[in-house]
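Below is one structure, written out as structure tokens; the observations come after it.
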Amino acid sequence: MTLDPTIIAALQNVSTATVTTILLKHGLRNVWMRGTRPIRAEQARVIGRAFTLRFVPAREDLATPESWASPTSTRAAIEAMTPGCVAVVDAMGVTDAGIFGDILCARMKKRDVAALVTDGVVRDLTGVLGTELPVWCQGAAAPPSVAGLTFVGWQQPVGCGGVAVFPDDVVMADRDGAVVIPARLLDVVVETAPEQERLEAWTMDEVERGIPLPGLYPPNEDTRARYAAWRKDRS
């Protein structure tokens, strides 16, 4: 399930905003995971295959500290993660119980997990920051996960931030949050997104030159011709 390095390289300078626009053109409106904010402003863009984890509401006979040693536990799930994956955790938007703390994040970092993305929160925030694992979440809370959630499994379809995420989908996260790229549309995004970024960078230069927006953004036929000539000069 490791993502091809050439795909990562192709998308490294593509924003989540551009990805959402491309997916919108293919009929997908709900791909941005609500509540997924970077815990550091300077976090670099991350791209990787989704490794999914799922919580359900806490049930007193299951959500106990003893469950952390269960074969079905977040600890076991972390040991199944592959290098380069993005752990996508469905925490049901719960913000008063931290799903992972510093020790679990440190282990994920040691296993070369690319990032943690969740619609929930982490705990031990200072320690989590110290692990340098890139994290997108809703913030931090002191109580452990079992105070509000029951962990039920991994590598199954989940709903994170109101978005359906399947194992092996691709997740991209940057300062705007996290977006899912369905596996079947990955090739389309890789083929079109870099060119869209180049077009928008050129458009921004045109705006700086004082060109009015009508006919420029979105581009009309004349604008596309000017852009094509500009691209040809630099090829």
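The values are calculated or read from the model by the stated rules, or taken from the named source; none is laboratory data. Source: prediction; values computed, not measured. Methodologically, a virtual Cβ is constructed for each residue, glycine included, from the backbone with ideal geometry; neighbour enumeration extends over all protein chains shown. Side chains are part of the model used for accessible areas, which takes the heavy atoms of the whole protein and leaves out ligands, DNA and RNA. Shrake-Rupley method; radii C 1.70, N 1.55, O 1.52, S 1.80 Å.
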*Amide H within-cut-off set for Thr36, under 5 Å, with H built and near neighbours excluded*: Ala178
*Calculate for the chain the 222 nm mean residue ellipticity that helices alone would give, adding -39,500 (n - 2.57) per DSSP H run of length 4 or more and normalising by residue count, nearest 500 deg cm²/dmol.*
-10000 deg cm²/dmol
*Starting at the first residue of segment 157-174, write each ³J(HN,Hα) from the Karplus equation 6.51 cos²θ - 1.76 cosθ + 1.60 with θ = phi - 60°, in whole Hz, x for Gly and Pro.*
x, 9, x, 10, x, x, 10, 6, 10, 10, x, 6, 4, 10, 10, 10, 9, 8
*Ordered by packing density, taken as the mean number of other Cβ atoms within 10 Å over each peptide's residues, highest first, how do 206-218, 108-120 rank?*
108-120, 206-218
*For Trp68, tell me the accessible area in Å² from a 1.4 Å probe, rounded to the nearest 10.*
80
_Quick check: the distance between the Cα centres of segment 1-41 and segment 105-123, to the nearest angstrom?_
18
*Starting at the first residue of segment 61-66, write each ³J(HN,Hα) from the Karplus equation 6.51 cos²θ - 1.76 cosθ + 1.60 with θ = phi - 60°, in whole Hz, x for Gly and Pro.*
7, 10, 8, 10, x, 5
*Using Cα atoms only, what is the angle between the long axis of helix 16-25 and the major principal axis of the chain, expressed in degrees (0 to 90) to the nearest 10?*
70
_At 7 Å along Cα-to-Cβ for each site, give me the label-to-label distance between Asp61 and Ala142 in nm._
3.2
*Helix 221-233: angle to the longest alpha-carbon principal axis of the chain, degrees 0 to 90, nearest 10?*
80
_Checking a compactness column here: for segment 36-85, what do you get for Rg(Cα) / (2.2 N^0.38 Å), N being the number of residues?_
1.50
*asked:* Just to check I understand the Karplus step: with θ = phi - 60° and J = 6.51 cos²θ - 1.76 cosθ + 1.60, what whole-Hz values come out for segment 175-182, glycine and proline as x?
replied: 5, 8, x, 10, 10, 9, 10, x
_Whole-number percent relative contact order across the chain, with pairs defined as alpha carbons under 8 Å at least 6 apart_ = 28
*asked:* Once you compute Rg and the Kirkwood Rh from C-alpha atoms, what is the Rg to Rh ratio for segment 1-119?
replied: 0.99
